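The values are calculated or read from the model by the stated rules, or taken from the named source; none is laboratory data. As the structure is a computational prediction, the values presented were derived from the model and not from experiment. Please note: Cβ atoms are built from the backbone with ideal geometry, for glycine as well, and neighbour counts cover all protein chains shown. Remember, those area values only see protein heavy atoms, side chains included, never the ligands or the DNA or RNA. Shrake-Rupley method; radii C 1.70, N 1.55, O 1.52, S 1.80 Å.
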Amino acid sequence: MIEPHGGKLIDRCLPKTKAESLKKSDLPRLVCNVDTVLDIEKIAIGAYSPLKGFMGKDDLSSVVTKMRLTDGTPWTIPIFLPINEKEAKKYSKGDEIIIQDETGDDIALMKISEIYSFHRKKWAKNVYGTDSTRHPGVKRLFDMHGKLLAGEVWMIDNPALAFEKFNLFPEETRKIIKERGWKTVSGFQTRNAPHRAHEYLQKLALSLTDGVLIHPIIGWKKDGDFRPEIVIKSYQTLIDKYYPKNSTIFAGLATAMRYAGPREAVFHAIIRKNYGCTHFIVGRDHAGVGDFYDKYDAHRIFDKLPDIGVIPLLMRGPYFCRKCNEIVSDKICPHPEKWHKHISGTMVRESLAKNKPLPEYVMRKEVFTALKRAGKNGFI
Ligand SMILES: [Zn+2]
């Protein structure tokens, strides 16, 4: 079994008795939005191992500029807790507070180690490769409160998640992997209902490794993305009909999309390593948005982090070739572009919007039918 990132799977879930006594305590409460609450849960269950809390100034600055924590461990995306200036004045270093979600449930105990400000422009340029607010990740960063709160967290209670059944912990996927005797596992990140290019990538990975963890993001996504329930439903349909029994684990990953392209590809790989993956599939324009990244920037970034400890499966974007008469990539198809038929989520969305049929080389008909049934409710 592959070691978690940093060597140890972090577990910051408090025992019930301690959690109950904290719920009765009069420690100050800080209400946080869903993204922060999801980050806390990821820290507590070890999905973000080796992180034990929200980053302090030194770690955040090292991540932004060097793609590493201060101890040298590869890490590419800042994990932070924003707070407004007025609220920040209430706290000081060493304070213990309780973080609540927006419904008023106690989620975690946090010990404040630092309250600091940050340089947004540098952060945006380094992490997102742009400071344009046309980029949804940059826009969120620029709209964010002015101070950051750092410190370790301990989870009091799991946040109420809409798709709890699919929210497996790293400990649970690791247990399944062990039980099935898989020595190698490929992680697959997605935020879309599966089309044939996804299936091609997953099956290519499956022919190289013992199993695949299909792990769609269920969290903050931008308008026009598929809703989580429809992603789940369409994958269930696909796996049931077209995948060998017991070769896949399907679970949701409740975290926000950052749309940070290459840096997010590394972040996604590290998370899946914590869930027990030895390999991670990186396709074309991984975690990209609009035209902010080159198609294969997310492949090249892995050269800079050879010690990440998970093997990236760098896959070229598949397409349907009318000459080959199958789904291929430019690595195996010799034919000129005029024979190529592009496959994308945009085509699926357009077909649904205009109520037009979709060729089967784009999407399995059962999956497309499931999407059609969801209608407009399929989208955010
Ligand atoms: Zn061809």
Among the residues of the range 295-310, which ones are open to solvent by 40 Å² or more (accessible area, probe 1.4 Å) and either within 16 Å of the ligand (Cβ to nearest atom) or part of a loop (DSSP other than H, G, I, E, B) (or both)? Lys295, Pro306, Asp307, Gly309
Of all residues making up the range 326-359, the number that are assigned to a helix (DSSP H, G or I) and away from the ligand (no atom under 16 Å from the Cβ): 10
Residue count, the range 241-263 (criterion: charged (D, E, K, R) and within 20 Å of Asp210 (Cβ to Cβ)): 1
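The rows are residues; the columns are (1) part of a helix (DSSP H, G or I); (2) closer than 30 Å to Asp285 by Cβ; (3) of a type in the set (Val, Ile, Thr).
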site	(1), (2), (3)
Leu148	no, yes, no
Val153	no, no, yes
Lys175	yes, no, no
Glu179	yes, no, no
Ser207	yes, yes, no
Can you spot a residue in the range 156-173 that is modelled with pLDDT of 95 or more, in contact with a Gly (Cβ under 6 Å, 6 or more places away or on another chain) and either hydroxyl-bearing (Ser, Thr, Tyr) or open to solvent by 30 Å² or more (accessible area, probe 1.4 Å) (or both)? yes
Which one of the conditions (1) surrounded by fewer than 20 Cβ atoms within 10 Å (Cβ to Cβ); (2) assigned by TED's automatic domain parsing to the domain that holds Asp39 does Leu148 fail to meet, given that it meets all the rest? (1)
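Yes/no per residue for (1) without any contact (Cβ under 8 Å) to a residue 12 or more places away in the chain; (2) over 28 Å from His135 (Cβ atoms):
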| position | (1), (2) |
| --- | --- |
| Asp285 | no, no |
| Val289 | no, no |
| Val310 | no, no |
| Pro357 | yes, yes |
| Ala374 | no, yes |
How many residues are more than 10 Å from the ligand (Cβ to nearest atom), touching a strand residue (DSSP E or B) at 6+ places or on another chain (Cβ under 7 Å) and either of a type outside the set (A, V, I, L, M, F, W, C) or closer than 16 Å to Glu199 by Cα (or both) if we restrict to the range 311-325? 5
Among the residues in the range 317-324, are any part of a loop (DSSP other than H, G, I, E, B) and loosely packed, with under 11 Cβ neighbours inside 10 Å? no
From Phe280, Phe292, grab the single residue that is open to solvent by 30 Å² or more (accessible area, probe 1.4 Å) and not in a helix (DSSP H, G or I). Phe292
